[in-house]
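The values are calculated or read from the model by the stated rules, or taken from the named source; none is laboratory data. The shown structure was predicted, so the numbers you read here are calculated from the model rather than taken from an experiment. When we count neighbours, we look across all protein chains shown, and the Cβ atoms used for this are built from the backbone with ideal geometry, even at glycine.
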Amino acid sequence: MPTARAFAVSSPTARFAPITIPRRDPGPTDVAFAIHHCGLCHSDLHTARGEWPGTVYPCVPGHELVGVVTAVGAKVTRFAVGDKVGVGCMVDSCRTCRACQAGLEQYCETHGTVFTYNSPDAHQPGHRTYGGYSTAIVVDEAFVLRMPANLDLAAAAPLLCAGITTFSPLRTWGAGPGTRVGVVGLGGLGHMAVKLAHAMGAHTTLFTTSAGKVADGQRLGADRVVVSKDAAAMAEVRPEFDLIIDTVAAAHNLDAYLQLLARDGTLCVVGAPPTPHPSPNTGLLIFGRRRLAGSLIGGIPETQAMLDFCGAHGIVSDVERIGPEDLDRAYDRMVASDVKYRFVLDLPQA
Ligand SMILES: [Zn+2]
Ligand SMILES: [Zn+2]
């Protein structure tokens, strides 16, 4: 049985430590690759620290992994040794339900989605799936993405969660030339939403609580930045938005943004707060036929479309690269929102 070096936590309060994990022998449709970089997502932190129910330890997080193919199974047709590839939040699903058949594996109706970490691993009974804070992985080719050759591999890693999580609702609700898009929050997700909405041709407004982020918002592509703590500035914003993507993962008043939607506009939440948002005023939905929606990452075909879009437009994440010894400190800084705008872990190469 092949193994990989990984960086794991053994309890909600433990620090990261190196361990050896099993990785299966590549089957006929499997792709094995050396992981070079892995983005750090807030979901990793919530899972590792036991802030969401169900973490099984040892836990190896990471679902923004990129690297280079080292072996392929006999029936693999789409990848070859040496290819630059990535894996996002999922490594398998039931593949037969309506959602999977539609390429929307993240909404698998049989609860058959296998997430990249902390899911039961059918290939290795008794083990959970182990994520990208590791040196190698084996994944069925149906869940492997092709990384655009022109993008810096480390900076492209966060596209696999932060990128697709914002790209999918932008595409679903038609962001493009002639539309007005708002983005709430300038963190890992928000900074990707601003870049992508701008590249799609939408007039893009960033809402941030921090006056210190105005210049950064403009640099990332926002046509306008509104400091949401400034009541006078908020009062000047007209109800003009076709789509607002709310990336804030803390409970807050959604009415402040619902009332900024144009008729038929959509407020889409993509952050997962630990406690629910206060119930919105449904009158704001009725008057204006507005929608409040949510969206979860994106399916495999859409994730490849997102990567191809980013390749064509030269879009990557703004990243700060770290080594395994920095993981605990990086998590503490993520809690303090002290990162511009995504940490990426460099994995040691054998
Ligand atoms: Zn994520
Ligand atoms: Zn399914």
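Yes or no: segment 51-59 includes at least one residue that is within 18 Å of Arg23 (Cα to Cα), within 16 Å of ligand 1 (Cβ to nearest atom), touching a residue at least 60 places away in the same chain (Cβ under 8 Å) and of a type in the set (A, V, I, L, M). Looking through segment 51-59, none of the residues is within 18 Å of Arg23 (Cα to Cα), within 16 Å of ligand 1 (Cβ to nearest atom), touching a residue at least 60 places away in the same chain (Cβ under 8 Å) and of a type in the set (A, V, I, L, M). Hey, can you tell me all the residues within segment 115-153 that are more than 23 Å from Leu347 (Cα to Cα) and within 16 Å of ligand 2 (Cβ to nearest atom)? Within segment 115-153, Pro120, Ala122, Ala142 meet the criteria. Taking first residues from segment 60-86 that are of a type in the set (Asp, Glu) and partners that are in a loop (DSSP other than H, G, I, E, B), the Cβ contacts under 7 Å between residues at least 6 apart in sequence or on separate chains come to Glu64/Cys41; Glu64/Gly88; Glu64/Gly132; Glu64/Cys161. When you look at Ile315, is it of a type in the set (A, V, I, L, M, F, W, C) and in contact with a strand residue (DSSP E or B) (Cβ under 8 Å, 6 or more places away or on another chain), yes or no? Judged against the criteria, Ile315 is not a match. The single residue among Val269, Val226 that is over 20 Å from the mean Cα position of the chain (by Cα) and free of Cβ contacts under 8 Å to residues at least 40 places away in the same chain turns out to be Val226. For segment 118-171, a residue qualifies if it is touching a strand residue (DSSP E or B) at 6+ places or on another chain (Cβ under 6 Å), small (Gly, Ala, Ser) and at positive phi, but none of them does.
Conditions (1) within 16 Å of ligand 1 (Cβ to nearest atom); (2) crowded, with 24+ Cβ neighbours inside 10 Å, marked per residue:
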| site | (1), (2) |
| --- | --- |
| Glu64 | yes, yes |
| Gly67 | no, yes |
| Val72 | no, no |
| Lys75 | no, no |
| Phe79 | no, no |
| Asp83 | no, no |
| Val87 | yes, yes |
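The numbered conditions (1) touching a strand residue (DSSP E or B) at 6+ places or on another chain (Cβ under 7 Å); (2) free of Cβ contacts under 8 Å to residues at least 24 places away in the same chain; (3) within 16 Å of ligand 2 (Cβ to nearest atom) are all true for Asp92 except (2). Residue selection: Cys94 fails the criterion of being assigned by TED's automatic domain parsing to the domain that holds Met334 and crowded, with 18+ Cβ neighbours inside 10 Å.
The set of residues in segment 252-294 that are of a type in the set (Gly, Ala, Ser) and surrounded by fewer than 21 Cβ atoms within 10 Å (Cβ to Cβ) comprises Ala256, Ala262, Ala272, Ser279, Gly283, Gly288, Ala293, Gly294. In segment 175-235, counting only strands (runs of 3 or more DSSP E) that sit wholly within it, the ones holding 1 or more residues that are farther than 18 Å from Leu267 by Cα span 224-227.
Residue-by-condition table, conditions (1) within 15 Å of the chain's Cα centre (by Cα); (2) within 30 Å of Thr266 (Cα to Cα):
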residue: His123; (1), (2): no, no
residue: Asp140; (1), (2): no, no
residue: Pro158; (1), (2): yes, yes
residue: Thr172; (1), (2): no, yes
